[in-house]
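The structure under discussion appears below in the form of structure tokens.
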Amino acid sequence: MPCCFDALSARLIELAGFPLTFMSGFAVSAARLALPDTGLISYAEMLDQGRSILDAVSFPVIGDGDTGYGNAANVRRTVTGYARAGFAAVMIEDQVAPKRCGHTRGKEIVDRSEALARIRAAVDAREGGADILIMARTDARATHGLGEALWRMQAFADLGADILFLEAPRDEVEMASFCAHVPGPKMANMLEGGVTPVLQPQRLQEIGYRIAAYPLALLNSAVYAMRDTLRALAAGRAPPRSVDFATIRGIVGFDEYDRTLAQYANRDQGP
């Protein structure tokens, strides 16, 4: 599951044949605001970005709901809002707000009671009519150790979370322990240069994961390509690599647009 950050990246993921994507908070904060993933982006901005993404694709999109943007009531509003926008699932985590990227230093988590209240509120929103799955995330491994992280994952599963996400296990043994000791579908976060080892998809499946997320693969590639192009232009050279104009026209839908216009051409003119 490559993660997206805007409508174009989401469409490219769908055109490449992947079955779903995840709207990454890190990537959206970087692409939309050029700011770090430290809680600076708001609920409204994430929801607005999500609507643009969802309008551009037809496959399932998981939305990053961060901490739920407040207390349990805020969590319910976040889940309901993401469901109305059309997200297939929403991720809610147990970090202290403002949160930060799960593979950076300085993270803090809320106590057990608040963590459980967030997931309970998310599940209540789903059971109250929000047509969306709940992904429950814990960052407790970094702050309180694997034992606390596993306890929270089990507690979130008991509350009715649909997908479980233990952020930043430190090795394959910890990843396998998570999958063996806690029931339910699980997501692995394959962040290159992060705390967790990046394993091949087949190995992740053997361990017990159902989803493998690649949160920055497209953003990192886009930044690399844009910087490479900018260096070439600054030196008076043509861009080193690029898709042709016809390709980009096709991706954004010029041909479909022209076909739509053709349907209405001359239809309302008299004899």
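Shape class of the range 3-215 from the Cα gyration tensor (axes a ≥ b ≥ c, square roots of the eigenvalues): rounded, since a/c falls below 1.5. In the chain, the DSSP-assigned H stretches of four residues or longer account for a calculated mean residue ellipticity at 222 nm of -14500 deg cm²/dmol, using -39500 (n - 2.57) per stretch and the full residue count as denominator.
Quick check on the range 178-271: take the gyration tensor over C-alpha atoms, sort the square-rooted eigenvalues as a ≥ b ≥ c, and tell me if it's rounded (a/c under 1.5), prolate or oblate. Oblate is the answer for the range 178-271, as a/c is 1.5 or above yet b/c matches or exceeds a/b. The label point for THR260 and the one for ARG241, both projected 7 Å from the Cα toward the Cβ, are 3.3 nm apart.
Simple point charges give the picture: +1 on the Cβ of Lys and Arg, -1 on the Cβ of Asp and Glu, and for the chain a dipole about the Cα centre of about 360 debye.
What's the center-to-center distance, using Cα atoms, between the range 181-217 and the range 232-266 in Å? About 35 Å separates the Cα centre of the range 181-217 from the one of the range 232-266.
Taking 0.36 nm per residue of sequence separation and removing the Cα-Cα distance, the GLU148/GLU206 pair yields an extension gain of 18.5 nm.
Each residue of the range 180-190 is assigned a 3J(HN,Hα), and the resulting list reads 7, 9, 10, x, x, x, 10, 10, 9, 9, 9 Hz, derived from the Karplus form 6.51 cos²θ - 1.76 cosθ + 1.60 (θ = phi - 60°), x at Gly and Pro.
Comparing mean-square fluctuations of PHE178, PHE165, PHE59 from a GNM of the chain with C-alpha springs under 10 Å, the top value falls on PHE59. Positive end of the dipole of the range 3-215 (Cβ unit charges, origin at the Cα centre): among ALA149, ALA115, VAL195, the Cα lying farthest that way belongs to ALA115.
First measure r as the distance between the Cβ atoms of ASP111 and ALA73, then evaluate 1/(1 + (r/R0)^6) with R0 = 22 Å and state the FRET efficiency to the nearest 0.05. Efficiency, from the Cβ-Cβ distance: 0.75. Considering only alpha-carbon pairs that sit under 8 angstrom and 6 or more positions apart, the relative contact order computed for the chain is 15 percent. Restricting the trypsin sites (Lys or Arg not before Pro) of the range 139-196 to loop positions (DSSP other than H, G, I, E, B) with no more than 13 neighbouring Cβ atoms within 10 Å leaves ARG170. Note on the chain: antiparallel DSSP beta bridges, both residues inside, total approximately 5 percent of the bridges counted.
Only sites in a loop by DSSP and with at most 15 other Cβ atoms within 10 Å count here; which chymotrypsin sites (Phe, Trp or Tyr not before Pro) in the range 6-97 make the cut? Taking the range 6-97 and a limit of 15 other Cβ atoms within 10 Å, no loop chymotrypsin sites (Phe, Trp or Tyr not before Pro) are found.
Readers should treat all values here as calculations from the given coordinates under stated rules, not as data from a laboratory. Since the structure is predicted, the reported quantities are computational estimates derived from the model, not experimental observations. For neighbour counting, all protein chains shown are included, and Cβ atoms are generated from backbone atoms with ideal geometry for every residue, glycine included.
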